[in-house]
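S.K.: Got a structure for you, questions after.
The numbers here are math on the coordinates, done by the rules we state, and not lab data. Fair warning: this is a prediction, and the values are worked out from it, not measured in the lab. Note that we place each Cβ from the backbone using ideal geometry, even for glycine, and neighbour counts take in every protein chain shown.
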Amino acid sequence: MTAVPTTKDEWRKRLLADRRTVPAHVRAAEAAALSASILELVGAGQTVCAYVPVGTEPGAKGVLDELARKRVQVLLPVVTGPSPLDWAAYDGTLQPGPHKLLQPPGERLGPAAIGAASVILIPALAVDKAGVRLGRGAGHYDRSLVYAAESAALVGVVRDQEFLERLPADRHDVRMTAILTPAGGVVEATNP
Ligand SMILES: Nc1nc2c(c(=O)[nH]1)N(C=O)[C@@H](CNc1ccc(C(=O)N[C@@H](CCC(=O)O)C(=O)O)cc1)CN2
Ligand SMILES: Nc1ncnc2c1ncn2[C@@H]1O[C@H](COP(=O)(O)OP(=O)(O)OP(=O)(O)O)[C@@H](O)[C@H]1O
């Protein structure tokens, strides 16, 4: 049996290795389920911060167009270095950025633009029941979520197997208020 990871870095290696073993048809089915849940979460006139899945990340970018069709304002992250993420509106076009990312080419709205969002969809490698999120290790989202509205739903998006009992947490880790998985839909984080 393989040992259970203890540090964040051990968890990251394990989770990324596991993601690489997921067959394309499973990934596609999971993306469809996630898209359906996301479309139920937000309605016309609302602003949502979303992300463009990269590599083996769960989800599909098609949901961005479906959100736009519903008249949801979609903001996407723009990486500007180690600082908080910048944001730009999704207008149907994307251009290559760092880390194989696709980013919106439009006007940069600044890190505080996240404050307009009622729902923030946050990519993660894993999230635990209390909402502790494991990201890629650059601290981008932890630095960015301090600008979020207090009432915003912070939704960590992971595969069902990545919704874990307990992850190691640091003081700077911003807790998710909810976890979205393909089979489980949206589950509120516990308040320990
Ligand atoms: N889709 C997405 N957008 C995001 C993030 C994310 O995790 N996912 N970020 C979260 O903070 C920020 C960017 N940080 C990132 C840091 C590293 C990698 C990365 O390691 N990319 C791999 C390819 C992906 C893979 O195969 O897993 C690479 O460069 O090889 C991606 C994004 C903002 N936007
Ligand atoms: N609010 C913050 N202010 C300054 N540094 C921070 C802040 N949040 C995180 N960091 C730094 O960023 C680094 C990565 O943090 P952590 O391991 O929690 O990243 P992560 O949440 O997994 O990654 P990401 O958010 O990029 O997906 C750490 O060195 C941490 O000290």
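S.K.: Tell me, what HN-Hα J-couplings in whole Hz come from the Karplus equation 6.51 cos²θ - 1.76 cosθ + 1.60 at θ = phi - 60° for each residue of the stretch 99-109, using x for Gly and Pro?
M.R.: Using θ = phi - 60°, the values come out as 6, 6, 6, 9, 10, x, x, x, 4, 6, 9 Hz.
S.K.: Taking the Cβ of each residue in Ser151, Ser37 as the centre, tally the other Cβ atoms inside 10 Å and list the residues starting with the fewest.
M.R.: If I rank by nearby Cβ atoms, fewest first, I get Ser151, Ser37.
S.K.: Just to confirm my numbers, what's the Cα centroid distance between the stretch 133-189 and the stretch 92-113 in Å?
M.R.: One Cα centre to the other: 21 Å.
S.K.: Could you tell me, in Å, what Rg and Dmax come out for the Cα atoms of the stretch 9-62?
M.R.: Cα radius of gyration and Dmax of the stretch 9-62 are 13.5, 41 Å respectively.
S.K.: Towards the positive end of the charge dipole of the chain, with charges on Cβ (+1 Lys, Arg; -1 Asp, Glu), say which of Ile120, Asn191, Leu15 has the farthest Cα.
M.R.: Leu15
S.K.: Let me know the number of lysine pairs in the stretch 3-138 closer than 25 Å at the Cα, not counting same-chain pairs under 8 apart.
M.R.: 7
S.K.: Let me ask something else. With a/c under 1.5 counting as rounded, go ahead and sort the stretch 27-122 into rounded, prolate or oblate using the C-alpha gyration tensor (a ≥ b ≥ c being the square roots of the eigenvalues; past the cut-off, prolate if a/b is larger than b/c, else oblate).
M.R.: oblate
S.K.: Same structure again: If we count other beta carbons within 10 Å of each Cβ, what is the order of Lys8, Lys100, fewest first?
M.R.: The most exposed by this proxy come first: Lys100, Lys8.
S.K.: For the stretch 141-187, what class follows from the C-alpha gyration tensor (a ≥ b ≥ c being the square roots of its eigenvalues): rounded when a/c is under 1.5, otherwise prolate if a/b is larger than b/c, else oblate?
M.R.: Verdict is oblate for the stretch 141-187.
S.K.: Here is a further query. Label the stretch 8-188 by shape, choosing from rounded, prolate and oblate, from the square roots a ≥ b ≥ c of the eigenvalues of the Cα gyration tensor; if a/c is under 1.5 it is rounded, and otherwise prolate applies when a/b is larger than b/c, oblate when it is not.
M.R.: Rounded.
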